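The values are calculated or read from the model by the stated rules, or taken from the named source; none is laboratory data. Not measured: the values here are computed from a predicted model. Neighbour counts are summed over all protein chains in view; Cβ atoms, including those assigned to glycine, are modelled from backbone coordinates with ideal geometry. Heads up: the accessible areas ignore ligands, DNA and RNA and are worked out on the full protein's heavy atoms, side chains in. Shrake-Rupley method; radii C 1.70, N 1.55, O 1.52, S 1.80 Å.
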Amino acid sequence: MDSTLSRLPALSLALLRAAALLAAAACLPATALNHVRVINPLPAGPFEVACSNIAQDTGIIARLGGKPSDFWEGQPVNEQAHYIDQILSYPGTALRFDVAVPDVRSLYVGHAGENVSFVGIVCHPTPRTNGDPAYTLPETGALVPHMQPPGAAPQLISNAEYANTLGIQMSPGAPSAPARMPLIVYSHGLSGSPISAGYLDVMVGLAAHGYMVSAIFHGDPRFSRVRVNDISDAFYLLTQFDRVAEMMYMRPLSLKAMTDMLLASGYAPGIDTDRIGGFGASLGGQAMANLLGARLTKNIDLSCAATARDDRIKAAVGFVPYSGQSFLPSFCNDQAGAADVNRPYLALAGTADTTAPIKMTEQAVNLFSSSHYLVQLPGGKHELRPEDTDDLFTWMITFLNAYLDVRWDPGAMARFITMNTVVGGRDESMLVDVHKPFATTGGETRAFEFLNTDLNHYFIAAGGDEIANILSGGAGRGWVLTGEAFKVWPAMPSDASVTASPVCRFYGVPAGGPNSHFFTASPSECDFVKRNGGWFYEGIGFYIRQVLADGSCPDGYLQVNRAYNLGAPRNDSNHRFSTSDSTMREMARKGWGVEGTVMCARP
């Protein structure tokens with residue numbers, strides 16, 4: 001590193017050798033993991049649920065031929081296109097809307113410049129006094145709870161009942177006014193529907209936990225005949241990809257239009273527009289990434305383009321999300337288009353899924369520029385088994401509550417940043433975890449991580465002037481931001497309730513030293529480095545919370561872990577600091593020693 005970078009520190013040879021001995025094991029010490037907790041599944045949600053009108057005319061179905069599910073999924077029968085809008089008993093009450101397709105034939109090969117009709121369904125918490133009967137779906141016999149009668153307005157739950165059900169202080173506003181609930185935009189899997197097996201259960205389950213949930217009947221076969229069992233077929237995709245691409249581009253476009261429609265409907269008074277999230281399964285998980293910014297492959301040459309994006313969606317979850325195949329990634333060549341995702345995303349993927357291979361999802365998720373997580377489901381295929389439902393709900397709701405700022409669950413983030421497995425179902429674990437700090441408050445700032453691509457050295461900087469100097473080239477060539485950061489204080493916090501300690505900053509000068517920095521929040525370690533020489537003490541780098549006596553962090557804090565490159569014998573010592581378990585595992589795979597938790601940071 002260029003010495004113009006404000007004189008940076010390092011450890012003495014003796015200390016570095018001691019650190020190497022402590023970190024000699026290639027595995028991560030228990031104190032170097034954030035995600036360690038096994039938690040019980042969430043109980044069923046406490047709310048009564050109602051859904052919008054989706055009644056169907058079985059006489060029309062019989063006359064047109066085919067099964068009810070053919071209409072739900074958009075399947076053609078006898079070469080005739082079917083869609084659910086053909087069989088609605090009360091089309092004036094059902095949620096119907098048209099989507100204006102952009103006049104771009106390179107993306108929308110069959111429908112460019114047209115209006116395409118879509119149908120949606122909404123489920124939401126409703127008053128316990130709601131006496132509307134459930135509706136029995138034809139073919140499956142599944143129940144749509146308290147279905148909105150024809151011509152009636154939706155029965156939205158009041159502020160008072162909503163707060164009372166959750167046991168919290170009443171939300172602002174008149175007690176009789178509708179509660180403003182978080183909205184989940186829901187996208188089903190390829191050629192499925194919101195009321196097909198399993199999907200309706202997820203909708204109703206989410207609504208029972210206090211969310212309004214809006215889902216769309218994508219009707220994928222209207223755009224492409226591809227099915228789940230074709231999606232990994234190279235010949236089919238390579239010969240039919242223009243139609244497949246149109247179908248994929250239609251998904252985020254129609255999802256955004258559904259949210260527009262909902263916010264102009266009778267459901268709008270019950271929606272908190274500051275708390276909109278997303279959930280998608282399979283191809284729906286891909287659509288969520290697109291809505292959050294990911295560009296989409298548009299041709300077999302792996303060229304790509306932006307899809308419809310929706311900045312109103314603050315965070316999203318993908319269950320067995322589709323990210324393409326090795327020969328045809330979803331998000332452009334080498335998944336490069338995934339880097340445009342700029343809001344938190346949680347993926348849950350099966351290790352035995354050949355339809356949506358986890359390696360493709362991992363590749364994409366690792367490129368997201370926002371907070372991103374990947375939970376691996378051992379032996380999981382492209383399916384949601386009944387015994388896995390509790391796992392999905394616990395991960396999904398904890399994540400959404402954490403990132404949508406759901407006020408009735410202030411402990412959600414503390415739980416999410418430590419959870420690794422839910423009791424029951426599969427023995428899942430967190431494979432990728434990168435948290436990008438929330439907005440700073442109370443005098444906080446962010447410590448950003450840099451990598452020097454010439455030296456393979458890491459460095460953290462918390463001062464705005466220093467960060468600007470590095471980015472402008474003032475510290476020499478090769479310095480790039482890694483995308484990781486954690487919260488610190490530039491000065492001792494004035495809030496007496498906050499416990500913070502100074503972080504000593506040292507520099508091993510290039511002349512006879514490793515040209516690297518070292519940081520420690522431990523007073524004893526700081527004194528040791530000062531006494532043993534070899535590292536120049538630059539002063540206090542920033543302030544942060546110290547680790548507890550047992551090596552952990554207080555509840556609600558992220559553990560900042562330290563990895564060491566074992567470079568003392570070659571006079572090339574360097575350390576990396578991260579709140580990510582997966583980053584520490586990667587450093588261990590590269591031969592670095594993982595020393596454990598050395599600081600504690602607010603999320």
Pick from the range 564-584, criterion surrounded by fewer than 19 Cβ atoms within 10 Å (Cβ to Cβ) and charged (D, E, K, R), ranking: nearest to Pro514 (Cα to Cα): Asp572
Odd one out for Gly508 among (1) modelled with pLDDT under 95; (2) open to solvent by 20 Å² or more (accessible area, probe 1.4 Å); (3) under 21 Å from Ile540 (Cα atoms); (4) among the small types (Gly, Ala, Ser): (2)
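Of these, Ser232, Ser254, Ser224, which one is in a helix (DSSP H, G or I) and among the hydroxyl-bearing types (Ser, Thr, Tyr)?
Working: Ser232 fails: in a helix (DSSP H, G or I); Ser224 fails: in a helix (DSSP H, G or I).
When all the criteria are applied, what remains is Ser254.
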Qualifying residue in the range 473-485 (condition: open to solvent by less than 20 Å² (accessible area, probe 1.4 Å), in contact with a Pro (Cβ under 7 Å, 6 or more places away or on another chain), small (Gly, Ala, Ser) and within 25 Å of Tyr373 (Cα to Cα)): yes
Matching residues, the range 381-409, being open to solvent by 60 Å² or more (accessible area, probe 1.4 Å) and assigned to a helix (DSSP H, G or I): Pro386, Glu387, Asp390
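Right, Val498: surrounded by fewer than 23 Cβ atoms within 10 Å (Cβ to Cβ) and within 27 Å of Arg37 (Cβ to Cβ) or not?
Numbers: surrounded by fewer than 23 Cβ atoms within 10 Å (Cβ to Cβ): yes; within 27 Å of Arg37 (Cβ to Cβ): yes.
So Val498 fits the description; yes.
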The lone exception for Gln546 - which of (1) under 29 Å from Phe416 (Cα atoms); (2) open to solvent by 50 Å² or more (accessible area, probe 1.4 Å); (3) more than 31 Å from the chain's Cα centre (by Cα) it fails: (3)
Filtered residues of the range 585-603 (kept if crowded, with 20+ Cβ neighbours inside 10 Å and in a loop (DSSP other than H, G, I, E, B)): Trp592, Arg602
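Does Arg531 qualify as being in contact with a Ser or Thr (Cβ under 9 Å, 6 or more places away or on another chain), without any contact (Cβ under 8 Å) to a residue 24 or more places away in the chain and either surrounded by fewer than 19 Cβ atoms within 10 Å (Cβ to Cβ) or not in a loop (DSSP other than H, G, I, E, B) (or both)?
Values: in contact with a Ser or Thr (Cβ under 9 Å, 6 or more places away or on another chain): yes; without any contact (Cβ under 8 Å) to a residue 24 or more places away in the chain: yes; either surrounded by fewer than 19 Cβ atoms within 10 Å (Cβ to Cβ) or not in a loop (DSSP other than H, G, I, E, B) (or both): yes.
It is true that Arg531 is in contact with a Ser or Thr (Cβ under 9 Å, 6 or more places away or on another chain), without any contact (Cβ under 8 Å) to a residue 24 or more places away in the chain and either surrounded by fewer than 19 Cβ atoms within 10 Å (Cβ to Cβ) or not in a loop (DSSP other than H, G, I, E, B) (or both).
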Count of the range 203-233 residues which are at pLDDT below 95 and either within 19 Å of Met181 (Cα to Cα) or among the β-branched types (Val, Ile, Thr) (or both): 3
Residue in the range 118-140 that is at pLDDT below 95, polar (S, T, N, Q) and farther than 21 Å from Ala55 by Cβ present: no
Looking only at the range 78-110, and only at residues there that are in contact (Cβ under 8 Å) with a residue 60 or more places away in the chain, surrounded by 20 or more Cβ atoms within 10 Å (Cβ to Cβ) and not aromatic (Phe, Trp, Tyr), the one that is farthest from Met147 (Cα to Cα): Leu107
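Checking the condition touching a helix residue (DSSP H, G or I) at 6+ places or on another chain (Cβ under 7 Å), under 21 Å from Val99 (Cβ atoms) and part of a loop (DSSP other than H, G, I, E, B), which residue from Ala316, Ala308, Ala287 passes?
After applying the criteria, what remains is Ala308.
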Unique residue being touching a residue at least 12 places away in the same chain (Cβ under 8 Å), open to solvent by less than 30 Å² (accessible area, probe 1.4 Å) and not in a helix (DSSP H, G or I) when the list is Ile460, Ile470: Ile460
Count of residues meeting criterion [under 13 Å from the mean Cα position of the chain (by Cα) and among the polar types (S, T, N, Q)] in the range 273-328: 2
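Looking for whichever is in contact (Cβ under 8 Å) with a residue 12 or more places away in the chain, surrounded by 24 or more Cβ atoms within 10 Å (Cβ to Cβ) and part of a strand (DSSP E or B) here; the options are Val213, Val202. Which one fits?
Values: Val202 fails: part of a strand (DSSP E or B).
Every option except Val213 fails the conditions.
So, in the range 323-357, how many residues would count as being assigned to a loop (DSSP other than H, G, I, E, B), within 16 Å of Asn299 (Cβ to Cβ) and open to solvent by 20 Å² or more (accessible area, probe 1.4 Å)? Steps first, please.
As a first pass, look at the range 323-357 and keep what is assigned to a loop (DSSP other than H, G, I, E, B): 323, 326-327, 330-332, 341-344, 351-357.
Restricting the remaining residues to those that are within 16 Å of Asn299 (Cβ to Cβ) gives 327, 330-332.
From what's left, open to solvent by 20 Å² or more (accessible area, probe 1.4 Å): 327.
The total comes to 1.
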Failed item, numbered, when Ser232 is tested on (1) under 22 Å from the mean Cα position of the chain (by Cα); (2) on the phi < 0 side of the Ramachandran plot; (3) hydroxyl-bearing (Ser, Thr, Tyr): (1)
